[in-house]
1. Shielding of A:4-13 by partners, i.e. mean partner chain Cβ atoms within 10 Å per residue?
2. Kindly rank B:219-225, A:60-66 from highest to lowest mean number of other beta carbons found within 10 Å of each residue.
3. Against the longest principal axis of chain B, how steep is helix B:307-316, in degrees 0 to 90 to the nearest 10, with axes from Cα atoms?
4. With Cβ to Cβ distances under 12 Å as the rule, what net charge do the other residues near B:SER146 carry (K, R +1; D, E -1)?
5. Could I have the simple spin-label model distance between A:GLU9 and B:HIS102, label points 7 Å from Cα toward Cβ, reported in nm to one decimal?
6. Find the Cα radius of gyration of the protein assembly as shown, compare it with 2.2 N^0.38 Å by division, and give the number to two decimals.
7. For each of A:MET37, A:MET8, A:MET1, B:MET192, count neighbouring Cβ atoms within 10 Å of the residue's Cβ, then give the residues from fewest to most.
8. Provide the net charge surrounding B:ALA321, with neighbours chosen by a C-beta distance below 9 Å and charges set as Lys +1, Arg +1, Asp -1, Glu -1.
Amino acid sequence: MNYSEKVMEHFNNPRNMGEIPDADGVGLVGNPVCGDMMKIFIKVNKDTEVIEDIKFKTFGCGAAIASSSMVTELIKDKGMTIDDALKITNKNVIEELDGLPPVKKHCSVLAEEGLQSAIEDYKKKKQKNG
Amino acid sequence: MSKRIYLDHSSTTYILDEVYDEMIKYLKTFFGNPSSFHSFGREVRKTVEESRERVADVISAEPREIYFTGGGTEADNTAIKGIAYANQSKGNHIITSKIEHHAVLHTCEYLEKKGFRITYLPVDKYGTIDIDALRDTITDKTILISIMHVNNEVGTIQPIEEIGKIAREHNIYFHTDAIQSFGKLPIDVNKMNIDLLSASSHKIYGPKGSGALYIRKGVRIEPLIHGGHHEMNKRAGTENVPGIIGFGKASEIAKKDMENNAYKGIGELRDYLQKGITEKIADVFVNGHPEKRIPVILNVCFKYIEGESIILKLDGKGIAASSGSACTSGDLEPSHVLFAMGVDTALAQGTVRFSLGKKNTKEEMDEVLSVLPGLIENLREMSPFSAEFEFPREAGPRVKHKH
């Protein structure tokens, strides 16, 4: 099995790896029993709803780590609002990584779901706090 | 990149120079078909039969009890299906274990669909089969016991002499998949009451695509492959002559190595690596039997991280090992062997197998020990899990290992 150079580059130099201690939204998806789990932290500007910071922590294979790194880069580089961020799909992640082996597609799905889960968490907290 | 370090010998080995030198002659100069009566055929037949003697010698068998195959998987298939189909009138029950190689497990699953009943014996936390459970599951319908000699993932050595004795007492055929032990551990098919044994060439510095099945004389099997009268009607098809010659030479060298106690030194290197890893890195668990384990295998779980990512990082440093992790196999299930041994499923995802060979050195182990702690730390920093955020207990769907 071969990973693209882009996957290896992100695996070896992951972007936005770490935690945001006072995150506005946290998404936790996957299951270590199945081999991958992703935690995504976001910091959102309450007025503009732009995602100002995003970080990840991932337990998983090379593709899972590279997908996490890529999805955070897609958001952070573009200064996306949460609505725009919700339009990001696993296909975008795969394209940006110059492809993933077929058995690794689920890793990109996890990245999409991790991001969505963090945004949902943000929305829930926002509603709760008025 | 500096010199690469190969620690994946249980997957495959390189070919020794002496083996290569023998083989190359049979690719070019001696090209005859060993079944031919002319001199081109006869000169090849002679060497094929010498190779048969060399393979037989490793396990104290007679040359005519050795049948060459296209590798270990074919030997396993031939043994199990061959005995099953030849003994249908006697019974339909086969006993194997939960930790066999897929070459055995998937063959047994196939036979289940054909109406055979299979018992998959459990193992203890070290990966040793339960002898009492074996005794208890034998019925008057049992026709075959197939238990591996050494497990390919964790290296645990099974009590095959005891199993052979039980099989003989009950008049049941005993097959052992000896692919990891052939040429590395002493085997005597007579003392151990083994009726069928699978061996492979490319695990002992011979070529790939070459293996053998030992079948005790008088034991009848249904052949898997039909055709000409090759291999005494048990395996049709013109012989893979260079493969057989290479296997023969590799067997001869392996026997000498065993006599010279070569595996003692490899075992000391393995223990040195194990000691270094467990001392330098926290939350590490060694799998397999502490003593009854083949000296070449070290199987380790690194908690909180996943195996493939460790393999990739090691590969980046020129170090080759393998992982039994779900992601590599693509089926999202971690090793069936560790599962049977009761290793926590999340922990099992972080497994790495180092398997050593004849040319590994202490310097290479030192190199691994100098880079590994940093790699593990780096991956653990990336992981959401730690002692503060533990793996969830039995979270989500259970893995669905069949046995």
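1. On the way: counts 0, 0, 0, 1, 3, 0, 0, 5, 4, 0.
Across A:4-13, the average partner-chain Cβ count within 10 Å equals 1.
2. On the way: B:219-225: 16.7, A:60-66: 29.7.
So the peptides B:219-225, A:60-66, ranked by packing, come out A:60-66, B:219-225.
3. With rounding to tens, the tilt is 90 degrees.
4. Numbers: positive: B:LYS81; negative: B:ASP76, B:GLU100, B:ASP177, B:ASP195.
Here the charged neighbours net out to -3.
5. 3.3
6. Numbers: Rg = 26.5 Å, N = 533, 2.2 N^0.38 = 23.9 Å.
Relative to the rule-of-thumb radius for its length, the protein assembly as shown sits at 1.11.
7. Numbers: A:MET37 28, A:MET8 17, A:MET1 12, B:MET192 22.
Lowest count first: A:MET1, A:MET8, B:MET192, A:MET37.
8. Details: positive: B:ARG353; negative: B:ASP8, B:ASP315.
Net charge around B:ALA321: -1.
Bear in mind these aren't lab numbers, they're just calculated from the coordinates by the rules spelled out. If you're wondering where the values come from, they're calculated on a predicted model, not measured in any experiment. Because the Cβ atoms are built from the backbone with ideal geometry, glycine has one as well, and the counts that use them run over all protein chains shown.
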